[in-house]
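> To start, I am sharing the structure in question, which I have written as structure tokens.
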2 protein chains.
Amino acid sequence: VRLRLLGSAAGGGFPQWNCGCANCAGLRNGAVAARARSQTSAALSADGERWFLLHASPDVRAQIESLAPLAPRAPRGSPIAGVLLANADLDACLGLLSLREGTPLVVVATRRVLADLRACSFARALERSTGPVEWRALELGESAPLDDEGHVRVTALPVPGKPPFYAARAASPEDNVALVLKEARSATSVVWAPTVARRDAALERALRETDLALFDGTLFRDDELARQGLGPRTARQMAHWPVGESLPWLARLARRRVLVHVNNSNPILREDSPERRQVEQVGVEVGHDGMDLL
Amino acid sequence: VRLRLLGSAAGGGFPQWNCGCANCAGLRNGAVAARARSQTSAALSADGERWFLLHASPDVRAQIESLAPLAPRAPRGSPIAGVLLANADLDACLGLLSLREGTPLVVVATRRVLADLRACSFARALERSTGPVEWRALELGESAPLDDEGHVRVTALPVPGKPPFYAARAASPEDNVALVLKEARSATSVVWAPTVARRDAALERALRETDLALFDGTLFRDDELARQGLGPRTARQMAHWPVGESLPWLARLARRRVLVHVNNSNPILREDSPERRQVEQVGVEVGHDGMDLL
């Protein structure tokens, strides 16, 4: 089984187009020790032939070109069989609309997430007769095969989150999940949890047993945005458990733990920051684009 | 006045994620003499301080980072004041949804194009209270100022095209326009016409008088896609006048003529192709990312 992290930043990427914070400005002018990052996504394959994307970020076009095995092997077609979504946030799903060129795809998510996507008029572009998308719903807590051979199975575990801003509707347990992926032959398991609003007992059980946790690394502190003059909202209001608080918990779980969905304001992006050292000292890694994790 | 071509390819870019045609495969393995291209967009400024994007392509994030004057000069904010759209095709407008981080923007297009965008549920992400988008409608044929000082004026000229696939509605003259931009102090004019389905008399008059024409270079031949096994549709069915047919007409118009919105299948992308020579011999240029045109 292979898993490559294609992107590791939160919505907006790093640097972000309208952000001149110390991290973004410092990255642009070379004053901080940090890597540029595209928006969070990963590519997973059991056999190296047939691939699934975990999230289709707005940066999906460049992300696909960054990994050679994702290139087509015929005049039209793609080794990418489908896209899995943990939620319907735009930074997780907008790239779907860049995969509209008539090649069949399966989109795997909860019924509520699929409904949010299909309510978008732009999504009709995915339903051309020459290569329609198959929308495949996951039932919460039920394992489903990703391929006919059953090499990889996925379970959607409800996790504290919120509906996307644009959906303008009441919250549902299907809004945000952790995707628990199990590969049969190697008995490898991965938990994809880029958005986690707070501690959760079921997620804790899943993380205890897993080989690899890709976990919410959005903000380090609850008031990080306000402190830097970047906006009024707290991490909790945005449904992200601050890393400074989740860290002792996460450090005791999973064989390997990698933070993803890291916001441009987060001090862990700076390779020489005290916060980065604090994370690494307890054995948690900060994800970066191009990391081969399996 | 400054104008930088940020992207020059048609929808999907070059190479395109699901395309293994001779051009795309050749670009990936280095076998063809060609440059990679992101999706068509340009940045325009009268004073170098305040900028407008012509189209917000799906590649907008990387495109903004590619031009230093577009970087923010404060913790939050942007020198980008607005986005102008010639149509509501996804490759022209999808990037708007990547500009949703709470910085005010004006979106300038015909009423019909604005209605198609606002009918998309995802567009609610642009209407946050902290930085709402202003949707500004252009009346066909009427000149409107882009700034309070009136340095730049824009006129939407109806041009043969079609409604976007996702809109699933009857055609309107407001579906597709050429944007005629005039800068007062330097008396410079630019025509932005990335989609032109066929010869048109009013467009011919506008192009005759202009300094710079950015013109539909999508496909070279009407049956280009079918010939290469890339799909059943002709250039005309996609509302693109083939370059091989428009070329003698275009070559007599405008002071400078640059082809944009070039599809990955188009032989003019290969710097040593007979078609590329044919274009250049009559004084028409093939646009590429990063070209400074004014």
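> Filter segment A:212-230 down to residues that are away from chain B (no Cβ under 13 Å) and not in a strand (DSSP E or B) and give me whichever is surrounded by the fewest Cβ atoms within 10 Å (Cβ to Cβ).
Applying the first criterion (away from chain B (no Cβ under 13 Å)) to segment A:212-230 yields A:212-223.
Going one step further and asking which of them are not in a strand (DSSP E or B), we end up with A:217-223.
On the way: A:G217: 33, A:T218: 26, A:L219: 27, A:F220: 25, A:R221: 19, A:D222: 18, A:D223: 14.
My answer is A:D223.
> Specify which of the listed residues (A:L157, A:L225, A:L179) is in contact with a Gly (Cβ under 9 Å, 6 or more places away or on another chain) and within 14 Å of A:N87 (Cα to Cα).
A:L157
> Does A:A235 qualify as being of a type in the set (A, V, I, L, M) and open to solvent by 10 Å² or more (accessible area, probe 1.4 Å)?
It is false that A:A235 is of a type in the set (A, V, I, L, M) and open to solvent by 10 Å² or more (accessible area, probe 1.4 Å).
> Can you tell me how many residues in segment B:231-249 are outside any helix (DSSP H, G or I) and either more than 21 Å from B:G12 (Cβ to Cβ) or out of contact with any helix residue (DSSP H, G or I) (no Cβ under 8 Å at 6 or more places or on another chain) (or both)?
Of the residues in that region, 3 qualify.
Here is a yes/no grid of residues against (1) within 11 Å of another protein chain (Cβ to nearest Cβ); (2) assigned to a loop (DSSP other than H, G, I, E, B); (3) buried (at least 20 other Cβ atoms within 10 Å of the Cβ):
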{"residue": "A:R28", "(1), (2), (3)": "yes, no, no"}
{"residue": "A:A33", "(1), (2), (3)": "no, yes, no"}
{"residue": "A:A42", "(1), (2), (3)": "no, no, yes"}
{"residue": "A:D47", "(1), (2), (3)": "no, yes, no"}
{"residue": "A:L53", "(1), (2), (3)": "yes, no, yes"}
{"residue": "A:Q63", "(1), (2), (3)": "yes, no, yes"}
{"residue": "A:P69", "(1), (2), (3)": "no, no, no"}
{"residue": "A:R73", "(1), (2), (3)": "yes, yes, no"}
{"residue": "A:A81", "(1), (2), (3)": "no, no, no"}
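> Moving on to the next point. Which of the residues spanning segment B:238-270 are farther than 19 Å from B:Q16 by Cβ and open to solvent by 40 Å² or more (accessible area, probe 1.4 Å)?
Within segment B:238-270, B:E245, B:P248, B:R252, B:R255, B:R256 qualify.
> Tally up the residues in segment A:175-208 that are open to solvent by 40 Å² or more (accessible area, probe 1.4 Å), in contact (Cβ under 8 Å) with a residue 24 or more places away in the chain and either under 20 Å from A:D91 (Cβ atoms) or of a type in the set (D, E, K, R) (or both), please. Steps first, answer last, please.
Step one: of segment A:175-208, the residues open to solvent by 40 Å² or more (accessible area, probe 1.4 Å) are A:182, A:184-187, A:198-199, A:201, A:205, A:208.
Among the residues that remain, those that are also in contact (Cβ under 8 Å) with a residue 24 or more places away in the chain are: A:182, A:184-186, A:198-199, A:208.
Among the residues that remain, those that are also either under 20 Å from A:D91 (Cβ atoms) or of a type in the set (D, E, K, R) (or both) are: A:182, A:185, A:198-199, A:208.
Qualifying residue count for the region: 5.
> Here are some residues: A:C19, A:C93. Which one is within 11 Å of another protein chain (Cβ to nearest Cβ) and more than 30 Å from A:E139 (Cβ to Cβ)? Before you say what the answer is, go through the steps one by one.
Details: A:C93 fails: more than 30 Å from A:E139 (Cβ to Cβ).
From the options A:C19, A:C93, the qualifying one is A:C19.
> When you go through (1) more than 11 Å from chain A (Cβ to nearest Cβ); (2) among the hydroxyl-bearing types (S, T, Y); (3) without any contact (Cβ under 8 Å) to a residue 40 or more places away in the chain one by one for B:T103, which number turns out not to apply?
With (1) more than 11 Å from chain A (Cβ to nearest Cβ); (2) among the hydroxyl-bearing types (S, T, Y); (3) without any contact (Cβ under 8 Å) to a residue 40 or more places away in the chain applied to B:T103, the lone miss is (1).
> Now for a separate question. Could you please let me know if B:G141 is away from chain A (no Cβ under 14 Å) and in contact with a helix residue (DSSP H, G or I) (Cβ under 6 Å, 6 or more places away or on another chain)?
So B:G141 does not fit the description; no.
> State which residue is farthest from the other protein chains (Cβ to nearest Cβ) when the search covers only segment B:107-138 and only residues that are at pLDDT below 95 and touching a Lys or Arg at 6+ places or on another chain (Cβ under 8 Å).
It comes out as B:L126.
The values are calculated or read from the model by the stated rules, or taken from the named source; none is laboratory data. Here the structure is a predicted model, which is why all the values come from computation and not from measurement. Reconstructed Cβ throughout: ideal geometry from the backbone, glycine too, with neighbour counts over all protein chains shown. Only protein heavy atoms, including side chains, enter the accessible area calculation; ligands, DNA and RNA are left aside. Shrake-Rupley method; radii C 1.70, N 1.55, O 1.52, S 1.80 Å.
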